[in-house]
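A.B. asks: I have a structure I would like to understand better, so I am pasting it below and will then ask my questions one at a time.
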Amino acid sequence: MDNSKILLPRYFRYIGIILTIAGLVFTIIRFGYGIKPDFLEAKVFVVYAAYLQTSEFRVITNNISEEICGITLLLGLFFLAFSRFKIESDKIWTLRIRSFIYSLYAHTAILLFCLLFIYGWGFLMVMTANLFLFLLIYNSWFYILLYKASRLKD
């Protein structure tokens, strides 16, 4: 079976790079500097929202800056992780599997640490960051292993 058939086309890697960088920049602006641009106030349909009042299955006004940060970062990391290379060899596939397993180990260890030692609102922030953590660890690990493998080849 050709394993690369389950991967996204190669050009998604470039889209992933752009989206990841944009997502990181947007996230730093939004959460690092606390900027919520007024032009991002929009009416959105919610299944469930709890602020000062609870809203279910209705349209509310919300600043969508957090959603933009999350969507761009999540899609960027996903596209980076699952787009194929020009030449997808068995060696690269092995690196993908190894990175996946190591990422799962690291992610589980981090979650256990957080469950044991972080409480209250801090835990909520950690769980929010957890949305991106696995893909971030996977991409980091995969590209480090890929770099090491290319250095050994030269």
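The values are calculated or read from the model by the stated rules, or taken from the named source; none is laboratory data. Nothing here was measured: the structure is a model prediction, and the numbers come from that model. A quick note on method: Cβ atoms are made from the backbone with ideal geometry, for glycine too, and the neighbour counts reach across all protein chains shown.
Residue-by-condition table, conditions (1) touching a residue at least 40 places away in the same chain (Cβ under 8 Å); (2) farther than 13 Å from L136 by Cα; (3) surrounded by 18 or more Cβ atoms within 10 Å (Cβ to Cβ):
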| position | (1), (2), (3) |
| --- | --- |
| V59 | no, yes, no |
| S65 | no, yes, yes |
| C69 | yes, yes, yes |
| F85 | yes, yes, no |
| I97 | no, yes, no |
| S103 | no, no, yes |
| A106 | no, no, no |
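A.B. asks: Residues in the stretch 66-79: is at least one at pLDDT 90 or above, under 30 Å from D2 (Cβ atoms) and in contact with a strand residue (DSSP E or B) (Cβ under 9 Å, 6 or more places away or on another chain)?
C.D. replies: So far as the stretch 66-79 goes, yes, one or more of its residues are at pLDDT 90 or above, under 30 Å from D2 (Cβ atoms) and in contact with a strand residue (DSSP E or B) (Cβ under 9 Å, 6 or more places away or on another chain).
A.B. asks: Okay, next question. Kindly provide the set of residues from the stretch 87-112 that are more than 20 Å from the chain's Cα centre (by Cα) and in a helix (DSSP H, G or I), ordered by number. Write out each step before concluding.
C.D. replies: From the stretch 87-112, those more than 20 Å from the chain's Cα centre (by Cα) are 87-94; that's our starting set.
Hits for the stretch 87-112 are D90, K91, I92, W93, T94.
A.B. asks: Further, regarding this structure: For the stretch 1-40, what are the residues that are within 21 Å of V126 (Cα to Cα), under 17 Å from the mean Cα position of the chain (by Cα) and not hydrophobic (A, V, I, L, M, F, W, C)?
C.D. replies: T20, G23, T27, R30
A.B. asks: Name the residues in the stretch 23-51 that are touching a helix residue (DSSP H, G or I) at 6+ places or on another chain (Cβ under 7 Å) and over 17 Å from L131 (Cβ atoms), would you?
C.D. replies: Hits for the stretch 23-51 are I35, K36, P37, L40.
A.B. asks: Determine, yes or no, whether L40 is surrounded by 11 or more Cβ atoms within 10 Å (Cβ to Cβ), out of contact with any Phe, Trp or Tyr (no Cβ under 7 Å at 6 or more places or on another chain) and not assigned by TED's automatic domain parsing to the domain that holds R96.
C.D. replies: Criteria met by L40.
A.B. asks: Suppose we filter the stretch 108-144 for residues that are touching a His at 6+ places or on another chain (Cβ under 9 Å) and surrounded by 17 or more Cβ atoms within 10 Å (Cβ to Cβ); how many remain?
C.D. replies: Narrowing the stretch 108-144 to residues touching a His at 6+ places or on another chain (Cβ under 9 Å): 130, 133-134, 137-138.
If we keep only those that are surrounded by 17 or more Cβ atoms within 10 Å (Cβ to Cβ) as well, we get 133-134, 137-138.
Within the stretch 108-144, residues that are touching a His at 6+ places or on another chain (Cβ under 9 Å) and surrounded by 17 or more Cβ atoms within 10 Å (Cβ to Cβ) number 4.
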